[in-house]
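Asker: Structure below; questions to follow.
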Amino acid sequence: MLYKYIMLLLLNILLVSGCNTAPPTPLAPPGEPLALAEAAPVVEQETTIPLEPLKKVYLTFDDGPNSYYTGQILDILKEYRIKASFAVLGVNIDKNPDVLRRIVDEGHGIINHSYSHDYNRVYSSPEAFLEELESCNKSIAGITGSGVKIFRAPGGPSKLNKETFELLRQHGYISISWNVASADTDPNGVSKEQIIENVQRGIMQIERIEKTPIVLMHDGTEINRNGAAPGSALANYIRSRESGVAALPEIIEFLMERNYTFAVVDENTPPAW
């Protein structure tokens, strides 16, 4: 009897103190290791893949606006939803104000390319060059409300002497050149295939030296397209303008395939060289 009494007493003590014991270890689901059942849920973290810097290219068209080819170029740019820049002449703005207005309205850039493009006038003195830019800006402002300070020297900046550069700098002008030439001003005329090859080769060369491509093409000056004799300078000029328009879609697609984004020339455009 004494033995049974002692055992009942011990059992009561254990039952009373049971609330202070640790909870039972949870059981894992069938077939799942216990360590996985006890582990905290894993939260997947988003990984950010760094984006490649944008590769910019600048398409530029010189000597317009004209009443025929500039509009065709604008149509192509609109179709591809890209922007370009037009180096315009004051004399052609005065003849084709609506074309300049369309250039601006469709978001393209404007570059001052002098008023006349007449080398004898433009390069007669530093003051004459400045006057050409100012006159062109009056024509631009008559359409857009303001002139532009980005300019491209007719024939390129190598024709500007130190005194001219300094005078233009004092008046806030910024020179823009090019580093990829379509060579679409060959006096013998050029084909669509030649222009495409020239641009593609130029892009590859500029990429090797890690420069930003600035492509020079021409929409061209205002001309009378009627009565051009075969083989004449005018006929060759017309052939080159038509070849440039025909080449443009393939040039754009080539640049798109190389992951370029099309930028508009402004004060932040890197130097060509």
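The values are calculated or read from the model by the stated rules, or taken from the named source; none is laboratory data. For clarity, every value in this text was computed on a predicted model and none was experimentally measured. Methodologically, a virtual Cβ is constructed for each residue, glycine included, from the backbone with ideal geometry; neighbour enumeration extends over all protein chains shown. Heads up: the accessible areas ignore ligands, DNA and RNA and are worked out on the full protein's heavy atoms, side chains in. Shrake-Rupley method; radii C 1.70, N 1.55, O 1.52, S 1.80 Å.
Asker: Look through segment 190-209, keep the residues that are open to solvent by 10 Å² or more (accessible area, probe 1.4 Å) and in a loop (DSSP other than H, G, I, E, B), and return whichever of them is nearest to Ser114 (Cα to Cα).
Answerer: My answer is Ser191.
Asker: Also, quick follow-up: Give the residues of segment 119-148 that are more than 21 Å from Pro97 (Cβ to Cβ) and either in a helix (DSSP H, G or I) or not hydroxyl-bearing (Ser, Thr, Tyr) (or both), sorted by residue number.
Answerer: Tyr119, Asn120, Arg121, Val122, Pro126, Glu127, Ala128, Phe129, Leu130, Glu131
Asker: Now, a different point. Any idea which of Val264, Val215, Val245 is surrounded by 14 or more Cβ atoms within 10 Å (Cβ to Cβ), assigned to a loop (DSSP other than H, G, I, E, B) and aliphatic (A, V, I, L, M)? Let's see the steps before the verdict.
Answerer: Working: Val215 fails: assigned to a loop (DSSP other than H, G, I, E, B); Val245 fails: assigned to a loop (DSSP other than H, G, I, E, B).
Result: Val264 is the single residue among Val264, Val215, Val245 that is surrounded by 14 or more Cβ atoms within 10 Å (Cβ to Cβ), assigned to a loop (DSSP other than H, G, I, E, B) and aliphatic (A, V, I, L, M).
Asker: I need the helices (runs of 4 or more DSSP H) fully contained in segment 17-99, keeping only those with at least 3 residues that are more than 23 Å from the chain's Cα centre (by Cα) and modelled with pLDDT under 95.
Answerer: By residue number, 34-38.
Here's the yes/no breakdown for (1) surrounded by 16 or more Cβ atoms within 10 Å (Cβ to Cβ); (2) free of Cβ contacts under 8 Å to residues at least 12 places away in the same chain:
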| residue | (1), (2) |
| --- | --- |
| Ser114 | yes, no |
| Gly156 | no, no |
| Gln170 | no, yes |
| Lys211 | no, no |
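Asker: Is it the case that segment 134-152 has a residue that's buried (at least 19 other Cβ atoms within 10 Å of the Cβ), closer than 19 Å to Val88 by Cβ, of a type in the set (Ser, Thr, Tyr) and touching a strand residue (DSSP E or B) at 6+ places or on another chain (Cβ under 6 Å)?
Answerer: No, segment 134-152 contains no residue that is buried (at least 19 other Cβ atoms within 10 Å of the Cβ), closer than 19 Å to Val88 by Cβ, of a type in the set (Ser, Thr, Tyr) and touching a strand residue (DSSP E or B) at 6+ places or on another chain (Cβ under 6 Å).
Asker: Among the candidates Glu163, Glu257, Glu250, which residue alone is surrounded by 12 or more Cβ atoms within 10 Å (Cβ to Cβ), of a type in the set (Asp, Glu) and within 22 Å of Ile76 (Cβ to Cβ)? First the steps, then the outcome.
Answerer: Working: Glu163 fails: within 22 Å of Ile76 (Cβ to Cβ); Glu257 fails: surrounded by 12 or more Cβ atoms within 10 Å (Cβ to Cβ).
Selected residue: Glu250, the only one of Glu163, Glu257, Glu250 that is surrounded by 12 or more Cβ atoms within 10 Å (Cβ to Cβ), of a type in the set (Asp, Glu) and within 22 Å of Ile76 (Cβ to Cβ).
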